[in-house]
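Colleague: First, the structure itself, so that you have it in front of you.
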Amino acid sequence: MRLLVLGGSWFVGRVLVAEAVQRGHDVTVFNRGASPAHLPSAVRHVRGDRELIDDVRALARCGPWDVVVDVAGSVPAVVRRSVEILADVAQRCVFVSTISAYRDWPHAPVDEDSALWDGDPDFDPGTRRWDPDAYGPLKVGCEIASRDAFGPERLLVLRPHVVLGPHEYVGRLPWWLTRMRRGGPVLAPAPDRGIQPVDVRDLTGFLLDQAEWRGTGVFNVAPPATRATYGDMLRSCIEVTADVAERSARLVWVDECWLVEQGVTQWTELPLWRSAAAPWGMNADRARRAGLRCRPLAETVADTWTWLCEGGRPVTHERFAEHGIAPEREASLIARWLAEHPRQSDGASEPAPSRTPG
Ligand SMILES: NC(=O)c1ccc[n+]([C@@H]2O[C@H](COP(=O)([O-])OP(=O)(O)OC[C@H]3O[C@@H](n4cnc5c(N)ncnc54)[C@H](OP(=O)(O)O)[C@@H]3O)[C@@H](O)[C@H]2O)c1
């Protein structure tokens, strides 16, 4: 298969390119070269900026392709301009969207028929593209632009939940792993909440399977939320870092509502924690029926730690710094919680009394 990957050098795209080459596909990668590429030698690398129409026209002259995979689309107007050109030189398109496309996420469970944000396929938000409030509607706009250019019979849209695994530059799981390595009392919410981050290798494997099988339509991509809990993830982080930990880590379970009252920033100060009713309510049965297989979360945790130990973190990205609570703030919150719940101070693993979060 002749594959064009728009993006391809940070995380999802990078892992996708490596897997595609391993499967024997003929891969072209298009990006600006602003991030370190580490591309396999078999890959044809076309440098250019998709925001510049001449660069996209020059790229199109390197075609044709069977499939263009867009892992770098976040601005509808930019996606529109590039797919209008590429639809003439690629038979099909795979657009990597996100769970944030759903209007009700994270407040209600979502499947592929759930309501989406209104998206404008011509919209360019300027610098607001990574604004969490703008991100969902922007990705919907990108989906629409891709559908307008390729038509539904030539388009596959994947909406993954949070993606973790080796090469995760966003810094969510890497933060938890390095936190556990530091050890000591660890502020820890929601031990029993089922969670469903998807391993980047399972996402890219499914994407390539679908591309090879000429899949079209829309698929959510996530493991079932019943397979692992937030507590399982944190315990796995402790387990894999134990040998090199500065001191042993002890989870101090605190009530989610109490954390909200303390003003702890959800999703970033405690990565992957969100107190809403259904942050992990993605139904991905359609993808499972179509062949999606998700490895255990413990394997993702272990392999991400191995990658970090081997000198991982391939790019310096501003989003990495967003993640993690400051050590002094964590210590002061733990002290306050233990003062209010003295039975937990003696090291007992008593779960936090929990109230239902809103
Ligand atoms: N991470 C998650 O948890 C998550 C969850 C759900 C969905 N997603 C989606 O998954 C995709 C993942 O992307 P990723 O960051 O892992 O992908 P990636 O393909 O590994 O990295 C983004 C790529 O886009 C390129 N790029 C950025 N701006 C460009 C431009 N103007 N012209 C050409 N190339 C450009 C970058 O290279 P240069 O900088 O060198 O140009 C880089 O190669 C995104 O679409 C995201 O919305 C992610």
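The values are calculated or read from the model by the stated rules, or taken from the named source; none is laboratory data. Computed from a prediction, not measured in an experiment: that's the story for all the values here. Every residue, glycine as well, gets a Cβ built from its backbone with ideal geometry; the counts of neighbours run over all protein chains shown. Heavy atoms of the whole protein, side chains included, go into the accessibility calculation; ligands, DNA and RNA do not. Shrake-Rupley method; radii C 1.70, N 1.55, O 1.52, S 1.80 Å.
Colleague: Any residue in region 220-230 that is of a type in the set (A, V, I, L, M, F, W, C), within 16 Å of the ligand (Cβ to nearest atom) and within 13 Å of the chain's Cα centre (by Cα)?
Modeller: Yes, region 220-230 has at least one match.
Colleague: Only residues that are within 16 Å of the ligand (Cβ to nearest atom), part of a strand (DSSP E or B), open to solvent by less than 10 Å² (accessible area, probe 1.4 Å) and farther than 15 Å from Ser236 by Cβ: list them for region 161-202, please.
Modeller: Val198
Colleague: Could you go through region 216-237 and let me know if any residue there is touching a strand residue (DSSP E or B) at 6+ places or on another chain (Cβ under 6 Å), open to solvent by 30 Å² or more (accessible area, probe 1.4 Å) and under 18 Å from His341 (Cβ atoms).
Modeller: Within region 216-237 (the criterion being touching a strand residue (DSSP E or B) at 6+ places or on another chain (Cβ under 6 Å), open to solvent by 30 Å² or more (accessible area, probe 1.4 Å) and under 18 Å from His341 (Cβ atoms)), the answer is no, since none of the residues qualifies.
Colleague: Restricting attention to region 21-45, which residues are free of Cβ contacts under 8 Å to residues at least 40 places away in the same chain and in contact with a Ser or Thr (Cβ under 6 Å, 6 or more places away or on another chain)?
Modeller: Ala37, Arg44
Colleague: Quick check on this structure: which one of Asp120, Asp104 is in a loop (DSSP other than H, G, I, E, B), open to solvent by 30 Å² or more (accessible area, probe 1.4 Å) and out of contact with any helix residue (DSSP H, G or I) (no Cβ under 7 Å at 6 or more places or on another chain)? Outline the logic, then answer.
Modeller: Details: Asp120 fails: out of contact with any helix residue (DSSP H, G or I) (no Cβ under 7 Å at 6 or more places or on another chain).
Result: Asp104 is the single residue among Asp120, Asp104 that is in a loop (DSSP other than H, G, I, E, B), open to solvent by 30 Å² or more (accessible area, probe 1.4 Å) and out of contact with any helix residue (DSSP H, G or I) (no Cβ under 7 Å at 6 or more places or on another chain).
Colleague: Any idea which of (1) surrounded by fewer than 21 Cβ atoms within 10 Å (Cβ to Cβ); (2) assigned to a helix (DSSP H, G or I) is the one Leu207 doesn't satisfy?
Modeller: Exception for Leu207: condition (1).
Colleague: Conditions: (1) crowded, with 22+ Cβ neighbours inside 10 Å; (2) not assigned by TED's automatic domain parsing to the domain that holds Cys309. Leu272 meets all but one. Number of the miss?
Modeller: (2)
Colleague: Taking region 134-158, which residues are open to solvent by 10 Å² or more (accessible area, probe 1.4 Å) and in contact with a strand residue (DSSP E or B) (Cβ under 7 Å, 6 or more places away or on another chain)?
Modeller: Within region 134-158, Arg147, Arg154 meet the criteria.
Colleague: Every residue in region 204-261 that is within 20 Å of Glu168 (Cα to Cα) and among the basic types (Lys, Arg), please.
Modeller: Arg235
Colleague: Name the residues in region 1-17 that are open to solvent by 10 Å² or more (accessible area, probe 1.4 Å), more than 6 Å from the ligand (Cβ to nearest atom) and not in a strand (DSSP E or B), would you?
Modeller: Within region 1-17, Met1, Val15 qualify.
Colleague: Does region 66-91 hold any residues that are surrounded by fewer than 20 Cβ atoms within 10 Å (Cβ to Cβ), away from the ligand (no atom under 15 Å from the Cβ) and not in a strand (DSSP E or B), and which are they?
Modeller: Glu84, Asp88, Val89
Colleague: Right, here's the next one. I'd like to check which helices (runs of 4 or more DSSP H) are fully inside region 239-313 and have at least 3 residues that are farther than 19 Å from Ile325 by Cβ and out of contact with any helix residue (DSSP H, G or I) (no Cβ under 8 Å at 6 or more places or on another chain).
Modeller: On the way: elements: 256-261, 285-289, 297-309.
Ranges flagged: 285-289, 297-309.
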